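A quick write-up on the structure given underneath.
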Amino acid sequence: MAALLAPTTLWFLVMLIMPLIVILIFSFGERAAVGGYGGGFTFEQYANLPARLKAFQNTLTYAPLGTLLSLLVAYPLAYFLALKVDRRFKLVLLVLVIVPFWTSLLIRTYAWIYILGGRGIPTILEWIGIEGVRLINTPTAVLIGIVYGYLPLMVFPVYVSLEKLDKSLLEASNDLGGNSFKTFLQITLPLSMPGIATGCMLVFILLMGEFLIPAFLGGGKVFFIGNAMVDLFLQSRNWPFGSAVAATLVVIMLITVSIYMRLAMRNKTGADQSLM
Amino acid sequence: MSKNSDKQITSKQFMRQLWRYKRGSISRREFLGVTGLGMATAVMGAAIPSLLPQKSWASTDLGDRLVFSTWPNYWNQANLDEFTANTGVNIQVNAFGSNEEMLAKLQAGGTGWDVFVPTNYTISNYVELGLIQELDLSRIPNYDASANNPKFAGPATVNGKVYCVPKNWGTTGFIINSNKITSGPKSWKDFFEVTKGEGSGHTIVHDYQLTTIGAALCALGYSFNSIDPNELAEAEAVLIESKPHLFAITSDYQPGMRSGDAWMSICWNGDATQLHNDLPEMQYVIASDGGEIWTDFYAIPAEAPHLDAAYAFLNYMQDPAVQARDAEAHGYAPTDARAIALQPASLATDPILHPAEELMNGLEFGAAQTLTDPNRAELIARFKSA
Amino acid sequence: MRIYATVVYLFLYVPIGLIVLFSFNAGRHASELRGLSIQWYGKALSNPFAGDAFFTSLEIAFIVAILSSLMGTAAALALQSMKGPLRVILDGLIYISIMIPGIVIGIATLVALVTVFDFFNPLLATLWPEGYTPPKLHMGYASVIAAHTLFTMSLVIIIVRARIAGMDRALIEASMDLYASPWRTFYQVTLPQIYPAILAGFLLSFTFSFDDFIISFFVAGPNTTLPVYIFASIRRGITPEVNAIGTMVLAGSLSLLIVAQFFMRDGRRRAKVN
Amino acid sequence: MTSVAAFRNVSKRYGEITAARNLNLDVASGEFLSFLGPSGCGKTTSLRMIAGFEQPSEGEVFLEGICVNDVPAYSRPVNMVFQHYALFPHLNVESNVAYGLKQRSPKPPTGEIHNRVHEMLELVQLTGYSLRQTWELSGGQQQRVALARALINKPKVLLLDEPLAALDRKLRREMQIELQNLQRNVGITFILVTHDQEEALSMSDRVCIMREGEIAQVGSPLDLYDRPRNQYVADFVGKSNFFYGVIEQVRTWKVDIRLDCGIPVVLNSSRSFNSHKNGDKICISVRPEQLVLARDESNIPEDSAIKSTARIMNRIFLGEQIEYLLCDERLGEFLALSSRHNELNEKPFETNEVVFVAWSRDATLILDDDERDKPNVS
């Protein structure tokens, strides 16, 4: 037993606990003259956190918003795939949802720079008489990128939970006089909650650390915490402050995700099982 | 390896290495490096040019890899291809947005770079941190110090030792799309006015401290290199105020300008030439209230894994003809008089590349202190995340 | 509903279509289509750095997938029958390693390893015999693999554990009852039962590692992975070569999928009924 | 009869909970023994201790006279049919059945395995199913595969853990008969765990009734029905009415008892297993079918142990018989079962009708009062 767990435990020690401790120690240090870590013990870095307030605000706005949008786009598709599609085409259509995942996210996101850039959609809009629309380097572009990047992650769990749903329940509801919409609200939606919870969780976690999409489609203007951290480590070389931001992000993640899990688990459909 | 090769090797050690080489447990290159023979070969080759084939940089086995980190749009692919064709060394180009980013990468270690392109104001810092190595100029016979204007080549020498060879020099001003920006801004003050006015939503500033903060400082009438906290605070206010009007914060401004999304950007003169050549409405402006003049250099990181290839590459790139071709592609002026002499007249007299002296009077070389000043670093980071 | 689905699929595939289209671009700039050509495929294939990056990525992803499947499965099996504080601690660590954003893992690993290396390298140099180049610890394969494996291992643990929990314990007893020793029971019954989960974990780990940019960006050192190479290519002005690489990777994984589908048709049918 | 499996003072504890307490039991070679009891009575634990999935906390488990406490499950010459069969889903029918043979060392030759699998499938009437996947089979067929998989190893004891629980009622009846026939044909000792008393009584040679980890009584089905040792057994095997009282006087052949409600009863002592003393608190048990109901007092036999009147509270038609729930002020509620042919003379009793009720001295058992406040209607 010990032998089975030893590698995993070692991994956690060296690759998780040690780095987190180093980050924590650094976050109380001072920046060295030319950058990096300069030792010391101070709360200055944490006191300075408000200087990144906007990045935190952006992340905490766009991560839930992006998650919600992904869900709104993904849910009908998952519903369609799970309940409306003929068995024969189901697998093909499902695979088509994952295939984009196999092209580098970088390249896919880069493709959007053209689509949203001056010669893309705005030009098309100009043809039909709508002028002056700017998409690239706006929050809208970032949100489009987010939905595009993480759609499959949302479609899949929701699809699985809808697929497991007992179809006779829907028939029973219709039989009991519920119209389609009522059936959806009272039966389908609650029973697909575990899938929704899992999908939202996955997307939310990834969005909280997002860097690429805002960097590419936000033009350096829509800054997430991820971008702020990359900036601190790879431009201003302020390791202590970057560590403080990272530590804060970890704490925020722990709190939000724990609350979220608690809420999701309270749900009688038992989202906990699909979460962990 | 370099540390070992400048130490005398004992005969016993030499024999041991020789046996290892014969057994095949080390490569020829390693053998030559460890025993110092590689060095000897190179020195002899440099001393007796006639003994070597025409192209001295092809004299030894250089391996097949070279990692070259530089700025976007800053090389002539044909030159790199020729180097590869002659030496078998393939070049991987990494493009970086700022000196700060390069410094951060090198500080973290393990970059794998063989040659990179630092700007004048960073070199003393690199030397201090031990991140670049002193150059053995005997391995770069194509470099002619006397042909370089000391004004540009000066920063390569730190404490009497040469750490870099110059690449190009240039100015940092701004570029406008004259079809869109009609008010004709002439200064950084104008630049920020236009940003908030007719250029709103279509202006790009760089994503690193030196030029963006420098521009704001100049607009306020301060020194481009100021690290005075009060002046910086004012500059920050200028930047923050203009942020809602920006199209992007990036040093890779060509795609935005070309696509028509951006109409105005902080710009280096060579990029301006590239843009102007393709799109005549692109106009470069050297701001009347100041700005930057700079030199870029070639340097070899202390931990360069392909040292021989790096020297060969440096030597190749110092060839005047190669320099001239390079400049032709990217539009930046060489510092080397021999190369300028080989340039077509149109380039040699180009007002963007070689502006009149009086235009350059207000320009300043970036100061080393700006790179290390924590306030400037934090200011730009704060501005970006604001 | 059908129209909606079509729109979503268009949304998913227009960018990919553009990537593929521009990979056949004759011109230098990815943004302007100037006739069709396959020259960029030739360029990509003959570019040793692209090849290196691809094989580095492949190698790393493969090692990561193997390591995380092995360690994750072992840990899942051990955790299954485990109680007490150690179990609580390990569960917490698994949870945290899944939850911490990749960017924090990347940065934290970078900072921690650089600090550790800075401490050990002079030590190694002092201890090393005179006349030999002391080994130098630095970022590279090992650090990327280690950082990726942290996340993917936890992923495998969760997937495999769910499968073990869903598995009928009576099967193991039945096997023991039918004279199979614990080890034989493991590989004749337990392993075939949890095999789909291990396979899923393997594939997920592979995919994650192969496509990861942000962690590799920080800890890859001189070993450029494909996403890091692509990132660098994008920054130096994207050429259709990058599109060609992306298209080839896509085509490669698609054909793998078709092959896998062909071989596993039977297996999937079985799994569906269970 | 030699003992093929035995418990000697076996107890099993899980922390605070005692699942089995001081079990002593011998299972004879070739017999069909059932463990019967409600869930949580320790019957499955006992079976699993024989199989080797659980180790006794105290005492010893013997197989063929050898203590097997330290012998792991895979080395014991017993096989089990699991409650939900536990067929290996990744193996087909043939591989499932051959599994045990393939674990033998040395492994029998492939041809032999093949032949024996086919013989076995024939025995359980699944010829031709060898290449099917197990999940393609019906519940009854899966059960046969599970049987074949166990029997092919010729175990000394076949352990069956509620093997029929998952089958529907009709199929269950069929399988009960088949199992019984099979057991006679192969001559292997069967130990069955069930909570279904009908199943246990109809199939087994002997039944071991368990209660809260202890053996309440072991005996043939007839023994248990006619001579339950205590109220629990009487209650569990068939239906019984219980009335509580005190022994007033033990006489030769006769016992005088006063029920708690004050009614004096005289019983024949021959039906009592235990020697009771004056003043013992006891419980008397009467099977519902032993009760005599009549509208007319003259139809009540003279030598009844008790005679009373009671009101019919409820009536349930069971086909052959009718079950009445009666209530008397002193005796409380109790059940009576009346055969239809008894009623040919009289019309069935109506609800709310007050009738005479009585039972004979021979029909009444004297049992230990288990001091459990149970309703006297089970």
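Yes or no, residue by residue, for (1) more than 8 Å from every other protein chain (Cβ to nearest Cβ); (2) basic (Lys, Arg); (3) farther than 30 Å from D:Asp26 by Cβ:
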site	(1), (2), (3)
D:Ala51	no, no, no
D:Pro56	yes, no, no
D:Leu63	yes, no, no
D:Asp70	yes, no, no
D:Pro77	yes, no, no
D:Pro89	no, no, yes
D:Glu112	yes, no, yes
D:Leu121	yes, no, yes
D:Gln125	yes, no, yes
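You will find that of C:Ile19, C:Ile3, the residue that is over 30 Å from C:Phe151 (Cα atoms), among the β-branched types (Val, Ile, Thr) and either open to solvent by less than 50 Å² (accessible area, probe 1.4 Å) or out of contact with any helix residue (DSSP H, G or I) (no Cβ under 7 Å at 6 or more places or on another chain) (or both) is C:Ile3 and no other. Quick check, is A:Leu94 free of Cβ contacts under 8 Å to residues at least 60 places away in the same chain, part of a helix (DSSP H, G or I) and more than 11 Å from chain C (Cβ to nearest Cβ)? So A:Leu94 fails the test.
Residues in region B:200-220 that are in a helix (DSSP H, G or I) and within 14 Å of chain A (Cβ to nearest Cβ): B:Gln209, B:Leu210, B:Thr211, B:Thr212, B:Ile213.
Filter region B:258-268 for residues that are closer than 21 Å to B:Glu101 by Cβ and either in contact with a helix residue (DSSP H, G or I) (Cβ under 6 Å, 6 or more places away or on another chain) or open to solvent by less than 10 Å² (accessible area, probe 1.4 Å) (or both) and give the result. Lay out the reasoning, then the answer.
So in region B:258-268, the residues closer than 21 Å to B:Glu101 by Cβ come out as B:265-268.
Result: B:Ser265, B:Ile266, B:Cys267.
Contact map, region B:336-358: first residue surrounded by 10 or more Cβ atoms within 10 Å (Cβ to Cβ), second residue assigned to a loop (DSSP other than H, G, I, E, B), Cβ cut-off under 6 Å, separation 6 or more or different chains; pairs are B:Pro355/B:Ile286. For D:Pro109, the requirement of being more than 30 Å from D:Leu222 (Cα to Cα), at pLDDT below 95 and either in the same structural domain as D:Glu214 (by TED's automatic domain parsing) or open to solvent by less than 20 Å² (accessible area, probe 1.4 Å) (or both) is met. Residue pairs whose Cβ atoms lie under 8 Å apart, separated by 6 or more positions or on different chains, with the first residue in region B:82-108 and more than 8 Å from every other protein chain (Cβ to nearest Cβ) and open to solvent by 10 Å² or more (accessible area, probe 1.4 Å) and the second basic (Lys, Arg) and not in a helix (DSSP H, G or I), are B:Asn86/B:Lys55. Residues in region C:238-262 that are at the interface with another protein chain (Cβ under 8 Å from one of its Cβ atoms) and open to solvent by 30 Å² or more (accessible area, probe 1.4 Å): C:Leu254, C:Leu257.
Is there a residue being farther than 30 Å from A:Arg262 by Cα, open to solvent by 40 Å² or more (accessible area, probe 1.4 Å) and within 19 Å of the chain's Cα centre (by Cα) anywhere in region A:191-204? Full working, then the answer.
First, pick out the residues of region A:191-204 that are farther than 30 Å from A:Arg262 by Cα: none.
No, that holds for no residue.
Of everything in region D:257-297 that's at pLDDT 80 or above and of a type in the set (S, T, N, Q), which residue is least open to solvent (accessible area, probe 1.4 Å)? If we take residues in region D:257-297 being at pLDDT 80 or above and of a type in the set (S, T, N, Q), then D:Ser285 is least open to solvent (accessible area, probe 1.4 Å). Checking C:Gly131, C:Gly106, C:Gly84 one by one, the residue that is in contact (Cβ under 8 Å) with a residue 40 or more places away in the chain, out of contact with any Leu (no Cβ under 8 Å at 6 or more places or on another chain) and small (Gly, Ala, Ser) is C:Gly106 and no other.
Which residue, of A:Leu53, A:Leu60, A:Leu69, is at pLDDT 95 or above, at negative phi and more than 10 Å from chain C (Cβ to nearest Cβ)?
Numbers: A:Leu53 fails: at pLDDT 95 or above; A:Leu60 fails: at pLDDT 95 or above.
Of the residues listed, the single one that is at pLDDT 95 or above, at negative phi and more than 10 Å from chain C (Cβ to nearest Cβ) is A:Leu69.
Among the residues making up region A:29-40, those that are under 15 Å from B:Ala108 (Cα atoms) and either modelled with pLDDT of 95 or more or within 14 Å of chain C (Cβ to nearest Cβ) (or both) are A:Arg31, A:Ala32, A:Gly35, A:Gly36, A:Tyr37, A:Gly38.
For region A:98-117, the criterion of being surrounded by 19 or more Cβ atoms within 10 Å (Cβ to Cβ), more than 8 Å from chain C (Cβ to nearest Cβ) and among the β-branched types (Val, Ile, Thr) is met by at least one residue.
Conditions (1) in a helix (DSSP H, G or I); (2) more than 9 Å from chain A (Cβ to nearest Cβ), marked per residue:
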{"site": "C:Ile3", "(1), (2)": "yes, yes"}
{"site": "C:Tyr9", "(1), (2)": "yes, no"}
{"site": "C:Leu12", "(1), (2)": "yes, no"}
{"site": "C:Leu21", "(1), (2)": "yes, yes"}
{"site": "C:Leu33", "(1), (2)": "no, yes"}
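Take the conditions (1) in contact with a Phe, Trp or Tyr (Cβ under 8 Å, 6 or more places away or on another chain); (2) within 26 Å of B:Lys384 (Cβ to Cβ); (3) more than 9 Å from chain C (Cβ to nearest Cβ); A:Phe26 misses just one of them, which is (3).
Which residue out of A:Phe216, A:Phe181 is open to solvent by 10 Å² or more (accessible area, probe 1.4 Å), farther than 26 Å from A:Phe56 by Cβ, in a helix (DSSP H, G or I) and modelled with pLDDT under 90?
Values: A:Phe216 fails: farther than 26 Å from A:Phe56 by Cβ.
Just one listed residue meets the conditions, A:Phe181.
Of the helices (runs of 4 or more DSSP H) entirely within region B:274-386, those holding at least 3 residues that are closer than 21 Å to B:Ile132 by Cβ occupy B:307-318, B:368-372.
In region B:160-217, the residue that is most open to solvent (accessible area, probe 1.4 Å) out of those that are within 19 Å of B:Pro244 (Cβ to Cβ) and of a type in the set (S, T, N, Q) is B:Ser200.
Of the helices (runs of 4 or more DSSP H) lying entirely inside region C:125-227, those containing at least 3 residues that are within 14 Å of chain B (Cβ to nearest Cβ), touching a helix residue (DSSP H, G or I) at 6+ places or on another chain (Cβ under 8 Å) and within 20 Å of C:Thr115 (Cβ to Cβ) span C:141-166, C:214-219.
Tell me the residue from B:Pro155, B:Pro118 that is over 30 Å from C:Phe117 (Cα atoms) and not charged (D, E, K, R), please. Spell out how you get there, then give the answer.
Values: B:Pro118 fails: over 30 Å from C:Phe117 (Cα atoms).
Of the residues listed, the single one that is over 30 Å from C:Phe117 (Cα atoms) and not charged (D, E, K, R) is B:Pro155.
Of all residues in region D:147-175, those being part of a helix (DSSP H, G or I) and open to solvent by 10 Å² or more (accessible area, probe 1.4 Å) number 6.
Taking the conditions exactly as written (acidic (Asp, Glu), open to solvent by 10 Å² or more (accessible area, probe 1.4 Å), more than 21 Å from B:His330 (Cα to Cα) and under 16 Å from the mean Cα position of the chain (by Cα)), does B:Glu128 satisfy them or not? Answer is no for this residue. Within region A:205-213, does at least one residue satisfy the condition of being more than 19 Å from the chain's Cα centre (by Cα) and aliphatic (A, V, I, L, M)? No: region A:205-213 contains no residue that is more than 19 Å from the chain's Cα centre (by Cα) and aliphatic (A, V, I, L, M).
Taking the stated definitions as given, is C:Leu93 assigned to a helix (DSSP H, G or I), in contact with a Phe, Trp or Tyr (Cβ under 7 Å, 6 or more places away or on another chain), open to solvent by less than 60 Å² (accessible area, probe 1.4 Å) and at the interface with chain A (Cβ under 9 Å from one of its Cβ atoms)? Yes: the conditions hold for C:Leu93.
Does C:Phe62 satisfy the condition of being open to solvent by 80 Å² or more (accessible area, probe 1.4 Å), part of a helix (DSSP H, G or I) and aromatic (Phe, Trp, Tyr)? For C:Phe62, the condition - open to solvent by 80 Å² or more (accessible area, probe 1.4 Å), part of a helix (DSSP H, G or I) and aromatic (Phe, Trp, Tyr) - is met.
The values are calculated or read from the model by the stated rules, or taken from the named source; none is laboratory data. Note that the coordinates shown come from a computational prediction; the quantities given were computed from them, not determined experimentally. Counting neighbours? That spans all protein chains shown, and the Cβs are built from the backbone with ideal geometry, glycine included. Accessible surface is based on the protein model in full, side chains and every heavy atom, while ligands, DNA and RNA are left aside. Shrake-Rupley method; radii C 1.70, N 1.55, O 1.52, S 1.80 Å.
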